[in-house]
1. Which ³J(HN,Hα) values, rounded to whole Hz and listed in residue order, are derived for region 46-62 from phi using the Karplus coefficients 6.51, -1.76 and 1.60 in 6.51 cos²θ - 1.76 cosθ + 1.60 with θ = phi - 60°, glycine and proline given as x?
2. Lys/Arg Cβ at +1, Asp/Glu Cβ at -1, dipole of the chain taken about the Cα centre: which of 27, 9, 68 is farthest positive-ward?
3. For a quick check: with amide H placed at 1.01 Å from N, whose amide H comes under 5 Å from residue 99's, ignoring anything fewer than 5 positions away on the same chain?
4. Suppose only helical runs count, i.e. DSSP H with n ≥ 4. What mean residue ellipticity at 222 nm does that imply for the chain under -39500 (n - 2.57) per run, divided by all residues and rounded to the nearest 500 deg cm²/dmol?
5. Give, rounded to the nearest 20 debye, the magnitude of the charge dipole that region 1-120 has about its Cα centre when Lys and Arg contribute +1 at Cβ and Asp and Glu contribute -1 at Cβ.
6. Per residue, what accessible area does the chain have, given a 1.4 Å probe and all protein chains present, in Å²?
7. Give the distance, in whole Å, between the Cα centre of region 88-123 and the Cα centre of region 40-55.
8. With a 1.4 Å probe and all protein chains kept in place, how do 39, 63, 181 rank by accessible area, largest first?
Amino acid sequence: ARLSTLDRFLPIWTGLAMVLGIVLGRVFPDLDDTLDRVKIDTVSLPIAIGLLAMMYPVLAKVKYRSIGQEVDRRSLTMSLVLNWLIGPALMFSLAWLLLPDLPEYRTGLIIVGLARCIAMVLIWNDLACGSRELAAVLVAINSVFQIAAYSLLGYFYLELLPGWLGLDSDGIDVTVWEITKSVLIFLGIPLVAGFLTRLI
């Protein structure tokens with residue numbers, strides 16, 4: 001089936017959104033502070049609304065009754081190995097090779113290697129006509145891993161490993177509860193909404 005106009009030109013819309021963000025930031029210098037104040041606890045409402053609007057339609061299309069038939073050990077193992085062994089190690093290596101003198105950017109790159117973008121995984125899988133059921137399971141399992149492993153891996157890659165290699169270390173100040181809360185909001189709400197939509 002032919003992709004819709006919105007889906008076919010997704011890279012262009014993404015680029016235009018980035019340009020618009022830069023222009024708005026230049027025209028309204030205090031915009032980031034204003035948006036940062038619109039939040040509940042540590043959760044930014046504009047970001048939450050955008051991610052929920054992106055994930056809900058995909059999760060509403062999942063056939064939840066056939067999820068059990070889609071999961072196989074090979075896909076699950078590959079997903080966990082790529083996401084939690086190879087991904088963080090690769091990003092750590094790239095961060096230190098390309099940004100050795102920029103600690104803030106280096107730390108950011110390492111953190112991106114530890115945090116999976118749940119929304120885009122679902123969107124790209126949907127565009128590729130992949131199994132929505134398998135994607136939903138893998139996203140959910142990786143989210144649980146994110147809750148369990150994020151703080152430990154952050155400590156390992158930002159404190160422990162640089163120390164062993166004689167590099168400068170940059171700590172990470174994030175609690176397991178903060179990670180759990182973010183995953184529950186950004187995955188839990190659209191997942192429950194999608195499931196209830198499908199059920200009803």
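The values are calculated or read from the model by the stated rules, or taken from the named source; none is laboratory data. In this text, all values refer to a predicted model and were calculated from it rather than measured experimentally. We place every Cβ from the backbone using ideal geometry, glycine too, and count neighbours over all the protein chains shown. Note: areas computed on protein heavy atoms with side chains; ligands, DNA, RNA excluded. Shrake-Rupley method; radii C 1.70, N 1.55, O 1.52, S 1.80 Å.
1. Per residue, the Karplus-derived 3J(HN,Hα) values read x, 5, 4, 5, x, 5, 5, 5, 6, 8, 4, x, 5, 6, 6, 8, 5 Hz.
2. 68
3. Sorted by chain and number, the residues that satisfy this come to none at all.
4. The helix contribution divided over the chain gives -21000 deg cm²/dmol.
5. Dipole about the Cα centre, nearest 20: 700 debye.
6. Normalised by residue count, the accessible surface of the chain is 63 Å².
7. Cα centroid to Cα centroid, the span is 22 Å.
8. So, going from the largest accessible area down, we get 63, 39, 181.
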